[in-house]
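Chemist: Have a look at this one.
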Amino acid sequence: MLVARVPRVRRRIPSWASQFAVGAALVLIAIALFAALLGAAVRGPTAFFDELGKTVARLAPQPQPDVRDDAQLKAVIRAMPDGKIQVGSIVEEKDEVVFTVVAPRAAVKAAVRPGDQLRIARDGGVEIVPTGIPGLIDQLQRSIDDLKRRFFGGP
């Protein structure tokens, strides 16, 4: 029996195909490495600026409590109806007590919103304390008026 030999055909992968596969793998590795480095670079400054903000907040002048001593607290309690004032909460990290003062809406004639501060106006009425740039200008004007009263006298 004669067996015919069939020549073996060797299929070669072209060199450009193997170069393409190696290049694509290198590009994917480079993208993954870049993404990891970029993520670390973005997280780093965020943590730094968070800590910087906390430090600056500790160093910056903090608003003082409205009632600073026992005599002022007693005066506030006497001014309240029935001579009572309610404790709203205690802020442990500042070692402060926050009181709650409740007033009927009819008693507050100003159009107030949460967070507003009220004061006695020059004409004796109740007004909302301005904030932002108008508040700064108002504070400067009140300081100038106070200096005028100290040096030149008057009401």
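The values are calculated or read from the model by the stated rules, or taken from the named source; none is laboratory data. Keep in mind that what you see is a predicted model, and the values were worked out from it rather than measured. Ideal geometry is used to build each Cβ from the backbone, glycine not excepted, and the neighbour counts take in all protein chains shown. Just so you know, the surface numbers come from the protein's heavy atoms only, side chains and all, with ligands and any DNA or RNA stripped out. Shrake-Rupley method; radii C 1.70, N 1.55, O 1.52, S 1.80 Å.
Chemist: Just to be sure I understand, how many residues within the stretch 74-116 are in a loop (DSSP other than H, G, I, E, B) and open to solvent by 100 Å² or more (accessible area, probe 1.4 Å)?
Modeler: Total satisfying the criteria: 9.
Chemist: Hey, another quick one. For the stretch 133-153, how many residues meet the condition of being more than 29 Å from residue 80 (Cα to Cα) and open to solvent by 60 Å² or more (accessible area, probe 1.4 Å)?
Modeler: 13
Chemist: List the residue pairs whose Cβ atoms are under 9 Å apart, where the first residue sits in the stretch 43-72 and is under 30 Å from residue 100 (Cα atoms), the second is open to solvent by 90 Å² or more (accessible area, probe 1.4 Å), and the two are 6 or more positions apart or on different chains.
Modeler: Listed pairs, sorted by first residue: 62/94; 65/94; 72/66.
Chemist: A further question on this structure: If you go through the stretch 123-132 one residue at a time, how many are open to solvent by 100 Å² or more (accessible area, probe 1.4 Å) and either under 29 Å from the mean Cα position of the chain (by Cα) or under 21 Å from residue 66 (Cβ atoms) (or both)? Show your work before the answer.
Modeler: Here is the first cut: in the stretch 123-132, the residues open to solvent by 100 Å² or more (accessible area, probe 1.4 Å) are 123, 131.
Now restrict to residues that are either under 29 Å from the mean Cα position of the chain (by Cα) or under 21 Å from residue 66 (Cβ atoms) (or both): 131.
Selection size over the stretch 123-132: 1.
Chemist: Here is a follow-up. Looking at the stretch 27-73 only, could you name the residues that are open to solvent by less than 100 Å² (accessible area, probe 1.4 Å), part of a helix (DSSP H, G or I) and closer than 30 Å to residue 117 by Cβ?
Modeler: Across the stretch 27-73, the qualifying residues are 50, 52, 53, 55, 56, 57, 70, 71, 72, 73.
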